[in-house]
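Input: a single structure, listed below in structure tokens.
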Amino acid sequence: MRALLTITGKDLRQRLRDRSAYLYGLVVPLGLALLFGLIVPGFEDEELSLTVGVADLDGGQLADQFRSSLGSVGAIEEVTELPDAAAAERAVDEGELDAAYVLPEGFSAVGPRARPARLDVVVRVDDALPRHVAISIAEGFAQRRNTVAVALAMVASVSDGLEPDAVDRTSQIVARRPPAITLEQGTAGDDELDITTYLAAGMAVFFLFFTVQFGVLSLLEERENGTLDRLRVAPIRGRAILGAKVLTSVALGLVSMTVLVLATTVLLDARWGDPAGVAVLVVSGVLAASAIVAVVGALARTAEQASTWQAIIAIVLGMLGGSFFPLSDAPGWLEPLRKLSPHHWFLDGLGQLANGGGPTEALPATGALLAFAGAAGVLAAFLLPRARAA
Amino acid sequence: MRALAIARNTVSRFVRDRSNLFFVLVFPLALVLLLGLQFGGAQDLVLAFVAPDDDAARELVTDIGSREGIEVVQYQTRQDAVQGVSDNDADAALVLFPRHTDALQAGEATAEFITRPGGAGETLRPIVSEAVGRQAVVSTAAGAAAEVTGQPAERFVGAFPASADLPSAIDVLQVSVGGDGLGDDLGGLGRFELGASTQLVLFVFITSLTAAAGLIQERNLGLVTRMLSTPTRTREVIVGTALGRLGIALLQGVYIMVGAQVLFGVGWGHPVGALAILVVFSAVSAGAGMLLGTLARNDAQANGIGVGLGLGLAALGGSMVPLEVFPDTMRRVASITPHAWANRAFADLVRRDLGPSAIAPELAVLAAMAIALLAAAVWRLRQVTAAGS
């Protein structure tokens with residue numbers, strides 16, 4: 001036991017002096033996470049407040065009614081008067097206004113009419129939310145008058161023409177009636193990570209598979225430069241040597257992940273979820289990564305070969321697991337492949353925690369990660385002694 | 001022509017290194033594939049609905065479902081639907097309550113529209129509220145007509161279905177402006193096009209940086225000193241080294257271009273323009289790789305810095321998250337990276353179908369970067385060879 005701890009301590013000290021451990025375990029994932037944090041806008045639930053413009057080319061009563069109705073819409077912060085349609089389009093295009101309404105001449109012409117009045121809503125193609133809200137506002141205004149138009153058409157369909165006061169009567173009746181359907185807003189919690197946390201977590205778990213390499217790689221390096229033989233000659237159990245190497249990997253992985261979780265939470269406002277749940281996921285993830293990396297190392301003939309293969313496995317699993325970008329919208333046939341990646345389960349577990357759930361939400365994902373750790377661990381336990389002896 | 005011999009040697013050593021097979025050949029195209037599978041392709045939005053089995057409810061759902069780009073999926077309970085939205089199985093949910101038809105006639109119907117904060121479901125809101133609005137209009141109008149004429153409201157509802165072309169007093173029409181951004185361009189794009197050009201930029205640069213390790217090997221093995229001991233002028237060694245680096249970058253670039261075209265049908269826009277971007281960007285990458293090779297002290301350091309810098313600059317330059325999504329300040333900051341200029345140039349060629357003259361500014365900037373980096377690398381290499389390392 002003491003031998004195991006001594007060797008582990010020595011390996012850790014060696015690694016900490018070697019800057020590459022810091023690079024992959026800390027600098028690069030954190031740097032990338034920070035970069036993404038700057039680049040990707042946070043999709044916060046902002047209070048939408050629009051600045052709109054109105055080009056009233058009509059000046060009639062209906063146009064006035066529309067303009068005053070805008071004043072009572074909560075989402076509208078400011079209404080600007082515009083001279084014409086061209087000015088409206090320019091203002092919206094250049095971002096001065098979120099949207100603009102153009103009321104053409106003849107808008108307010110009263111009476112049952114051949115053609116409906118046009119209400120143009122000028123919006124930017126790229127800004128979905130302002131676009132939707134601006135159009136909904138116009139449609140809301142139109143709805144009541146359209147109801148009257150439909151009612152009149154209905155009345156006309158069973159009478160021989162409309163009585164002179166039909167329009168007024170119908171309008172009054174429609175105005176009296178409440179809207180037939182009230183659409184309420186509900187919110188569903190998010191069982192997915194917000195994008196900043198997702199990218200941070202994706203980078204963290206991706207580089208984890210590089211961080212945990214160092215333990216097993218040192219086994220191969222020592223085999224190559226002869227110190228392994230010397231260790232074996234010493235009164236140290238073979239298992240202690242192997243155990244130390246694996247323990248080094250696990251220790252490095254745990255430290256790296258912990259620092260990344262804390263750093264991204266503080267610096268990026270990343271929300272990893274319930275601490276107990278995150279801790280369990282991190283530990284399972286580190287164990288899975290260490291075990292997989294150990295298997296690869298045990299099969300390789302040289303340290304360089306091991307390093308290359310570990311990188312390949314890390315990249316393939318990382319890609320499939322959604323470490324670089326989510327694969328949630330990919331075709332169904334990709335699903336089984338994604339489930340073969342421990343990265344997928346790590347991110348999935350975090351997603352389950354994101355909804356504010358307790359640590360138990362992450363149990364299925366934890367179970368999957370531990371299964372990876374177990375299977376790979378058994379294989380490694382079988383293969384590593386052979387590697388040591390080689 | 002010893003310079004060419006040196007270059008050829010560099011490239012062939014790169015090609016023969018089997019560990020490169022995955023990183024240079026498989027990884028880039030695999031990434032383009034996955035990017036296309038995830039982000040490319042038109043996606044139907046999914047609306048979960050919970051509705052009683054009555055006429056008006058069914059009519060409403062059918063109306064929404066008949067729209068292009070929307071798929072409606074039935075759920076049994078509100079709770080299931082909410083979970084479906086949480087799990088991203090559905091983008092939004094519409095819950096109608098029992099006896100919807102009766103409530104509608106009485107003017108008391110309610111419906112609930114459920115979304116995830118920040119999710120794609122918001123795009124469904126106007127469509128749903130419009131459909132709901134139309135049904136409400138018919139119902140209210142029928143009620144009013146019934147009052148005026150004394151005929152039963154159902155008769156009018158039957159004669160004027162909500163999904164039909166209803167008479168209107170005001171037609172709301174959308175006038176779109178702008179369209180400098182992603183949504184507009186992507187309409188005409190093939191599924192894999194966006195990923196292909198951004199990943200080309202990412203990989204040409206990163207491969208050049210990680211290949212810098214080869215240059216360090218040359219230094220460490222004393223190859224450079226040996227080259228200089230032959231009747232080869234220093235200048236030839238330097239030119240050969242630079243050409244070798246350029247060859248590696250071009251190899252990676254051409255491979256991705258051809259591979260993406262053959263495997264995924266990706267178009268690269270005007271051929272002269274595309275090649276011009278490739279050559280100039282490869283020169284930038286070669287310069288960067290060479291500079292790194294003369295600065296780093298060992299393989300591991302070069303690799304670590306190469307990967308870190310390569311990924312970082314790629315992210316900043318719009319090769320991971322598209323530049324159009326960047327906030328304004330970050331978009332300006334991105335211009336310090338060669339990636340941003342190359343990505344913009346490819347966007348002009350591929351997305352906007354422009355010719356080579358349109359990308360002249362980007363090419364000029366890239367050429368300037370290439371000259372600066374190569375000059376710095378050459379200066380460093382001279383220093384290093386003079387010191388006999």
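For chain A, hydrophobic long helices are taken as DSSP H runs at least 20 Å long by C-alpha position along their axis with mean Kyte-Doolittle hydropathy of -0.5 or more; these are A:128-158, A:195-211, A:238-268, A:275-299, A:303-320, A:363-389. Expressed per residue, the C-alpha convex hull volume of the stretch B:94-144 stands at 63 Å³.
About its Cα centre, the dipole of chain B is roughly 3680 debye, where the only charges are +1 on Lys and Arg Cβ and -1 on Asp and Glu Cβ. Would you mind checking the tilt of helix B:2-16 against the longest principal axis of the Cα atoms of chain B, expressed as 0 to 90 degrees and rounded to 10? Helix B:2-16 sits roughly 50 degrees off the main axis of chain B.
Ranked by the mean number of other Cβ atoms within 10 Å of their residues, highest first, the peptides A:72-84, A:195-207 fall in the order A:195-207, A:72-84.
Once the convex hull of all Cα atoms in the protein assembly as shown is built, its volume per residue stands at 174 Å³. A 1.4 Å probe over all protein chains sorts B:Phe326, A:Phe372, A:Phe382 by accessible area into A:Phe382, A:Phe372, B:Phe326, starting with the largest.
Rank B:Thr101, B:Thr232, B:Thr149 by mean-square fluctuation in a GNM of chain B with C-alpha springs under 10 angstrom and give only the top-ranked residue. The residue with the greatest mean-square fluctuation here is B:Thr149. Comparing B:Gly36, B:Gly69, B:Gly310 in a Gaussian network model of chain B, where Cα atoms under 10 Å apart are tied by springs, the biggest mean-square fluctuation is seen for B:Gly69. Mean sequence separation of contacting Cα pairs (under 8 Å, at least six apart), scaled by the length of the stretch A:56-171, corresponds to a relative contact order of 23 percent.
Taking B:Thr337, B:Thr210, B:Thr110 as the candidate residues, the one with maximal mean-square fluctuation in a Gaussian network model of chain B, Cα springs under 10 Å, is B:Thr110. For the stretch A:291-390, the orientation-averaged shadow of the C-alpha convex hull comes to 7.3 nm² (one quarter of the hull surface). Counting only the backbone N, which residues of the stretch B:1-27 are under 19 Å from the spot 7 Å out from the Cα of A:Gln305 toward its beta-carbon? Only B:16-23 pass the distance filter. Put the Cα centre of the stretch A:154-225 next to the Cα centre of the stretch B:266-307 and the gap is 40 Å. A compact globular protein would have a Cα radius of gyration near 2.2 N^0.38 Å; the ratio found for the stretch B:32-100 is 1.29. Here the ratio of the Cα radius of gyration of the stretch A:89-218 to 2.2 N^0.38 Å is 1.94. Using the alpha-carbon centroid of each, what span in Å lies between the stretch B:58-129 and the stretch A:290-342? Centre-to-centre (Cα) distance: 39 Å.
Accessible surface ranking for B:Ser168, A:Ser157, A:Ser323, 1.4 angstrom probe, highest first: A:Ser157, B:Ser168, A:Ser323. Positive-end ranking of A:Ala381, A:Ala289, B:Gln252 along the dipole of the protein assembly as shown, with charges on Cβ about the Cα centre, is headed by A:Ala381. In the stretch B:1-121, taking the dipole from charged Cβ atoms about the Cα centre, the farthest positive-side position among B:Ala81, B:Thr101, B:Val15 is held by B:Val15.
If only the Cβ of Lys and Arg carry +1 and only the Cβ of Asp and Glu carry -1, the dipole of the stretch B:113-174 around its Cα centre is close to 180 debye. Once Rh is set to the Kirkwood radius over Cα pairs, what Stokes-Einstein translational diffusion coefficient, in µm²/s, holds for chain B at a temperature of 4 °C and a viscosity of 1.567 mPa s? The calculation lands on 52 µm²/s. A crude spin-label estimate for the pair A:Leu162 and A:Leu379, with each label 7 Å from Cα along the Cβ direction, gives 7.7 nm. A cut-off under 14 angstrom between Cβ atoms defines the neighbours of B:Ile127, and their net charge, with Lys, Arg +1 and Asp, Glu -1, is -4. The helix-based estimate of mean residue ellipticity at 222 nm for the protein assembly as shown, built from -39,500 (n - 2.57) per DSSP H run of four or more residues and divided by its residue count, is -20500 deg cm²/dmol to the nearest 500.
Given q = 0.12, 0.13, 0.18, 0.19 Å⁻¹, what are the Debye log10 I(q)/I(0) values for the stretch B:52-208, with equal point scatterers placed on the Cα positions and solvent ignored? After summing over all Cα pairs, the log10 values are -0.70, -0.78, -1.16, -1.23. For chain A, the spherically averaged projection of the C-alpha convex hull amounts to 27.1 nm². Segment B:Arg226..B:Phe22, full-extension length gain: 70.3 nm, with 0.36 nm per residue of separation and the alpha-carbon distance subtracted. Dividing the mean sequence gap of close Cα pairs (under 8 Å, 6+ apart) by how many residues chain A holds gives a relative contact order of 19 percent.
The values are calculated or read from the model by the stated rules, or taken from the named source; none is laboratory data. Keep in mind that this is a model prediction, so the values were computed, not measured. Here the Cβ is made from the backbone with ideal geometry for all residues, glycine too, and neighbour counts use every protein chain on show. Surface areas here come from the heavy atoms of the whole protein model, side chains and all, with no ligands, DNA or RNA. Shrake-Rupley method; radii C 1.70, N 1.55, O 1.52, S 1.80 Å.
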